[in-house]
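Comments concern the structure below.
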Amino acid sequence: MRSRITRVISVNCLLGMMFLGNTFAEVVNPENADTVTNPYGLMSVINQGDWIARIVLLILLIMSSGTWIILLMKYLEQSKLFSNARKTRQEFWSQPSLEYALNGLDADSAFRYVVEMAMTAKNEHHGDLATKVALNTWIEMSFNRAIDEIQAKLSVGLAFLATVGSTAPFVGLFGTVWGIYHALTAIGIAGQASIDKVAGPVGESLIMTALGLAVAVPAVLSYNWLVRRNKSAMAQITSFSADLEKVLLGGTKPA
(Lines give C-alpha, C1' and ligand atoms only; values in the text may rest on other atoms or scores of the structure.)
Protein backbone atom coordinates (compact mmCIF):
# COMPACT_ATOMS: atom_id res chain seq x y z
CA MET A 1 0.00 0.00 0.00
CA ARG A 2 2.76 2.36 0.97
CA SER A 3 4.72 1.53 -2.23
CA ARG A 4 1.62 2.16 -4.37
CA ILE A 5 1.18 5.60 -2.80
CA THR A 6 4.84 6.32 -3.41
CA ARG A 7 4.51 5.40 -7.10
CA VAL A 8 1.43 7.63 -7.49
CA ILE A 9 3.23 10.56 -5.89
CA SER A 10 6.27 10.00 -8.12
CA VAL A 11 4.12 9.94 -11.27
CA ASN A 12 2.34 13.14 -10.22
CA CYS A 13 5.64 14.88 -9.49
CA LEU A 14 6.99 13.80 -12.87
CA LEU A 15 3.92 15.13 -14.67
CA GLY A 16 4.12 18.34 -12.73
CA MET A 17 7.78 18.82 -13.61
CA MET A 18 7.01 18.17 -17.28
CA PHE A 19 4.19 20.77 -17.20
CA LEU A 20 6.39 23.35 -15.51
CA GLY A 21 9.20 22.62 -17.93
CA ASN A 22 6.96 23.23 -20.95
CA THR A 23 5.62 26.41 -19.40
CA PHE A 24 9.12 27.69 -18.65
CA ALA A 25 10.24 26.88 -22.19
CA GLU A 26 7.37 28.95 -23.61
CA VAL A 27 8.33 31.88 -21.37
CA VAL A 28 12.05 31.89 -22.17
CA ASN A 29 11.56 31.11 -25.85
CA PRO A 30 9.80 34.06 -27.50
CA GLU A 31 9.32 32.09 -30.70
CA ASN A 32 6.84 29.81 -28.97
CA ALA A 33 5.00 32.62 -27.17
CA ASP A 34 2.12 34.48 -28.75
CA THR A 35 2.61 38.17 -29.39
CA VAL A 36 0.27 40.21 -27.18
CA THR A 37 -0.54 43.72 -28.32
CA ASN A 38 -1.38 46.43 -25.81
CA PRO A 39 -4.86 47.84 -26.58
CA TYR A 40 -4.59 50.49 -23.87
CA GLY A 41 -1.50 52.42 -24.96
CA LEU A 42 -1.01 55.97 -26.13
CA MET A 43 -2.18 55.23 -29.67
CA SER A 44 -5.48 53.89 -28.38
CA VAL A 45 -5.97 57.12 -26.44
CA ILE A 46 -5.41 59.09 -29.65
CA ASN A 47 -7.57 56.82 -31.81
CA GLN A 48 -10.36 56.01 -29.36
CA GLY A 49 -10.37 59.03 -27.03
CA ASP A 50 -12.96 61.76 -27.36
CA TRP A 51 -12.25 65.34 -28.38
CA ILE A 52 -11.54 66.48 -24.82
CA ALA A 53 -8.84 63.84 -24.37
CA ARG A 54 -7.31 64.81 -27.71
CA ILE A 55 -7.32 68.51 -26.74
CA VAL A 56 -5.50 67.64 -23.51
CA LEU A 57 -2.92 65.67 -25.49
CA LEU A 58 -2.54 68.58 -27.92
CA ILE A 59 -2.00 71.05 -25.07
CA LEU A 60 0.65 68.80 -23.52
CA LEU A 61 2.31 68.42 -26.92
CA ILE A 62 2.44 72.20 -27.39
CA MET A 63 3.87 72.64 -23.89
CA SER A 64 6.52 69.99 -24.43
CA SER A 65 7.52 71.31 -27.86
CA GLY A 66 7.73 74.87 -26.56
CA THR A 67 9.86 73.75 -23.62
CA TRP A 68 12.47 72.02 -25.77
CA ILE A 69 12.54 74.81 -28.37
CA ILE A 70 13.04 77.49 -25.71
CA LEU A 71 15.67 75.38 -23.96
CA LEU A 72 17.66 75.01 -27.18
CA MET A 73 17.36 78.68 -28.17
CA LYS A 74 18.27 80.00 -24.72
CA TYR A 75 21.21 77.61 -24.48
CA LEU A 76 22.59 78.85 -27.80
CA GLU A 77 22.01 82.47 -26.77
CA GLN A 78 23.74 82.00 -23.43
CA SER A 79 26.61 80.06 -24.98
CA LYS A 80 27.23 82.92 -27.38
CA LEU A 81 27.19 85.42 -24.51
CA PHE A 82 29.70 83.36 -22.52
CA SER A 83 31.89 83.11 -25.62
CA ASN A 84 31.79 86.90 -26.02
CA ALA A 85 32.67 87.27 -22.33
CA ARG A 86 35.79 85.16 -22.76
CA LYS A 87 36.75 87.09 -25.88
CA THR A 88 36.23 90.40 -24.09
CA ARG A 89 38.39 89.39 -21.14
CA GLN A 90 41.18 88.24 -23.42
CA GLU A 91 41.21 90.99 -26.04
CA PHE A 92 39.23 94.08 -25.03
CA TRP A 93 41.48 95.59 -22.37
CA SER A 94 44.65 95.00 -24.35
CA GLN A 95 43.57 97.43 -27.12
CA PRO A 96 45.11 100.93 -27.27
CA SER A 97 41.75 102.78 -27.03
CA LEU A 98 38.11 102.14 -26.28
CA GLU A 99 37.09 103.05 -29.84
CA TYR A 100 39.50 100.50 -31.27
CA ALA A 101 38.43 97.89 -28.72
CA LEU A 102 34.77 98.56 -29.53
CA ASN A 103 35.33 97.74 -33.20
CA GLY A 104 36.77 94.37 -32.19
CA LEU A 105 33.54 93.25 -30.53
CA ASP A 106 30.76 91.42 -32.37
CA ALA A 107 27.96 93.60 -33.69
CA ASP A 108 25.29 91.79 -31.66
CA SER A 109 27.41 91.34 -28.53
CA ALA A 110 25.89 92.40 -25.21
CA PHE A 111 29.29 93.78 -24.19
CA ARG A 112 29.40 95.98 -27.28
CA TYR A 113 25.98 97.35 -26.40
CA VAL A 114 27.17 98.21 -22.88
CA VAL A 115 30.25 100.00 -24.25
CA GLU A 116 28.21 101.95 -26.82
CA MET A 117 25.69 103.06 -24.19
CA ALA A 118 28.47 104.16 -21.83
CA MET A 119 30.41 106.06 -24.46
CA THR A 120 27.24 107.75 -25.68
CA ALA A 121 26.43 108.80 -22.11
CA LYS A 122 29.91 110.25 -21.67
CA ASN A 123 29.66 112.22 -24.91
CA GLU A 124 26.26 113.59 -23.85
CA HIS A 125 27.58 114.81 -20.51
CA HIS A 126 28.18 118.50 -21.21
CA GLY A 127 26.49 121.89 -20.78
CA ASP A 128 23.68 122.15 -18.24
CA LEU A 129 23.61 118.38 -17.81
CA ALA A 130 27.19 118.41 -16.59
CA THR A 131 26.38 120.99 -13.95
CA LYS A 132 23.32 119.16 -12.61
CA VAL A 133 24.36 115.50 -12.83
CA ALA A 134 27.77 114.11 -11.99
CA LEU A 135 29.58 112.15 -14.70
CA ASN A 136 29.78 108.97 -12.67
CA THR A 137 26.04 109.12 -11.89
CA TRP A 138 25.16 109.68 -15.55
CA ILE A 139 27.36 106.78 -16.69
CA GLU A 140 25.94 104.49 -13.99
CA MET A 141 22.44 105.33 -15.21
CA SER A 142 23.41 104.28 -18.74
CA PHE A 143 24.90 101.05 -17.38
CA ASN A 144 21.74 100.29 -15.45
CA ARG A 145 19.57 100.82 -18.52
CA ALA A 146 21.80 98.61 -20.66
CA ILE A 147 21.98 95.86 -18.03
CA ASP A 148 18.20 95.90 -17.52
CA GLU A 149 17.61 95.58 -21.25
CA ILE A 150 20.08 92.69 -21.55
CA GLN A 151 18.54 90.93 -18.58
CA ALA A 152 15.06 91.37 -20.03
CA LYS A 153 16.23 89.82 -23.30
CA LEU A 154 17.82 86.87 -21.50
CA SER A 155 14.62 86.31 -19.54
CA VAL A 156 12.44 85.95 -22.64
CA GLY A 157 10.87 82.49 -22.65
CA LEU A 158 11.54 81.72 -19.00
CA ALA A 159 7.99 82.68 -18.03
CA PHE A 160 6.71 80.04 -20.46
CA LEU A 161 8.90 77.38 -18.81
CA ALA A 162 7.69 78.42 -15.36
CA THR A 163 4.07 78.27 -16.55
CA VAL A 164 4.52 74.83 -18.08
CA GLY A 165 6.27 73.52 -14.99
CA SER A 166 3.46 74.67 -12.73
CA THR A 167 0.43 73.86 -14.91
CA ALA A 168 1.36 70.73 -16.90
CA PRO A 169 0.71 68.36 -13.96
CA PHE A 170 -2.76 69.87 -13.55
CA VAL A 171 -3.46 69.53 -17.26
CA GLY A 172 -2.51 65.87 -16.98
CA LEU A 173 -4.62 65.61 -13.85
CA PHE A 174 -7.61 66.96 -15.76
CA GLY A 175 -7.09 64.20 -18.32
CA THR A 176 -6.90 61.73 -15.43
CA VAL A 177 -10.20 62.92 -13.97
CA TRP A 178 -11.80 62.76 -17.40
CA GLY A 179 -10.59 59.18 -17.89
CA ILE A 180 -11.93 58.13 -14.49
CA TYR A 181 -15.24 59.74 -15.40
CA HIS A 182 -15.33 57.57 -18.52
CA ALA A 183 -14.55 54.51 -16.40
CA LEU A 184 -17.42 55.26 -14.03
CA THR A 185 -19.72 55.89 -16.99
CA ALA A 186 -18.76 52.53 -18.50
CA ILE A 187 -19.47 50.80 -15.19
CA GLY A 188 -22.86 52.50 -14.93
CA ILE A 189 -23.87 51.53 -18.45
CA ALA A 190 -22.65 47.94 -18.14
CA GLY A 191 -24.11 47.52 -14.65
CA GLN A 192 -21.00 45.74 -13.44
CA ALA A 193 -17.38 46.63 -12.79
CA SER A 194 -15.78 44.21 -15.24
CA ILE A 195 -12.13 44.75 -16.09
CA ASP A 196 -12.73 45.06 -19.82
CA LYS A 197 -15.11 47.99 -19.22
CA VAL A 198 -12.77 50.06 -17.06
CA ALA A 199 -9.32 49.06 -18.33
CA GLY A 200 -9.41 51.47 -21.25
CA PRO A 201 -10.54 54.61 -19.40
CA VAL A 202 -8.30 53.89 -16.41
CA GLY A 203 -5.35 53.29 -18.70
CA GLU A 204 -6.12 56.60 -20.40
CA SER A 205 -6.13 58.27 -16.98
CA LEU A 206 -2.74 56.91 -16.03
CA ILE A 207 -1.28 57.89 -19.39
CA MET A 208 -2.51 61.47 -18.95
CA THR A 209 -0.93 61.65 -15.49
CA ALA A 210 2.37 60.32 -16.78
CA LEU A 211 2.38 62.73 -19.73
CA GLY A 212 1.66 65.69 -17.47
CA LEU A 213 4.65 64.82 -15.29
CA ALA A 214 6.83 64.10 -18.33
CA VAL A 215 6.10 67.61 -19.63
CA ALA A 216 6.43 69.40 -16.28
CA VAL A 217 9.71 67.92 -15.05
CA PRO A 218 11.88 69.02 -18.04
CA ALA A 219 10.29 72.49 -17.90
CA VAL A 220 11.13 72.94 -14.21
CA LEU A 221 14.67 71.64 -14.62
CA SER A 222 15.24 73.81 -17.70
CA TYR A 223 13.92 76.89 -15.94
CA ASN A 224 16.19 76.47 -12.93
CA TRP A 225 19.22 75.71 -15.09
CA LEU A 226 18.68 78.67 -17.43
CA VAL A 227 18.04 81.07 -14.53
CA ARG A 228 21.31 80.01 -12.93
CA ARG A 229 23.19 80.54 -16.19
CA ASN A 230 21.52 83.95 -16.63
CA LYS A 231 22.76 85.00 -13.20
CA SER A 232 26.29 83.95 -14.12
CA ALA A 233 26.11 85.86 -17.41
CA MET A 234 24.74 89.00 -15.77
CA ALA A 235 27.47 88.84 -13.12
CA GLN A 236 30.08 88.95 -15.88
CA ILE A 237 28.37 91.88 -17.59
CA THR A 238 28.09 93.76 -14.29
CA SER A 239 31.78 93.18 -13.56
CA PHE A 240 32.71 94.39 -17.05
CA SER A 241 30.55 97.49 -16.57
CA ALA A 242 32.33 98.34 -13.32
CA ASP A 243 35.74 98.07 -14.99
CA LEU A 244 34.55 100.14 -17.95
CA GLU A 245 33.17 102.85 -15.67
CA LYS A 246 36.54 103.12 -13.95
CA VAL A 247 38.27 103.58 -17.30
CA LEU A 248 35.74 106.16 -18.49
CA LEU A 249 36.25 108.17 -15.30
CA GLY A 250 39.98 108.32 -15.87
CA GLY A 251 41.12 105.18 -14.11
CA THR A 252 43.56 102.51 -15.27
CA LYS A 253 42.64 99.50 -17.35
CA PRO A 254 42.11 96.18 -15.58
CA ALA A 255 45.14 93.95 -15.52
| query | Of the residues that make up the range 86-93, is at least one touching a helix residue (DSSP H, G or I) at 6+ places or on another chain (Cβ under 8 Å), under 30 Å from Trp178 (Cβ atoms) and at pLDDT 85 or above? | reply | no
| query | Considering the range 95-122 alone, what residues qualify as being at pLDDT 85 or above and either within 12 Å of Leu248 (Cβ to Cβ) or of a type in the set (Ser, Thr, Tyr) (or both)? | reply | Tyr100, Ser109, Tyr113, Val114, Val115, Met117, Ala118, Met119, Thr120, Ala121, Lys122
| said: Against the definition (part of a helix (DSSP H, G or I) and within 33 Å of the chain's Cα centre (by Cα)), how does Met119 come out, yes or no? | reply: no
| note | Filtering the range 221-238 down to residues that are crowded, with 17+ Cβ neighbours inside 10 Å and β-branched (Val, Ile, Thr) yields Ile237
| note | The number of residues in the range 127-148 that are at negative phi and free of Cβ contacts under 8 Å to residues at least 12 places away in the same chain is 10
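Looking at the range 123-145 only, could you name the residues that are within 13 Å of Phe240 (Cα to Cα) and either surrounded by fewer than 17 Cβ atoms within 10 Å (Cβ to Cβ) or at pLDDT below 85 (or both)?
Taking the range 123-145 first, the residues within 13 Å of Phe240 (Cα to Cα) are 140, 143-144.
Selection gives Glu140, Asn144.
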| query | Quick one: would you say Ser79 is more than 30 Å from Leu249 (Cα to Cα) and of a type in the set (S, T, N, Q)? | reply | yes
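Output yes when any residue across the range 122-129 is within 21 Å of Ser239 (Cβ to Cβ) and in a helix (DSSP H, G or I), and no when none is.
Scanning the range 122-129, I find at least one residue that is within 21 Å of Ser239 (Cβ to Cβ) and in a helix (DSSP H, G or I), so the answer is yes.
The values are calculated or read from the model by the stated rules, or taken from the named source; none is laboratory data. Bear in mind the structure is a predicted one, so any value in this text is a computation, not a measurement. Backbone-built Cβ (ideal geometry, glycine too); neighbour counts: all protein chains shown.
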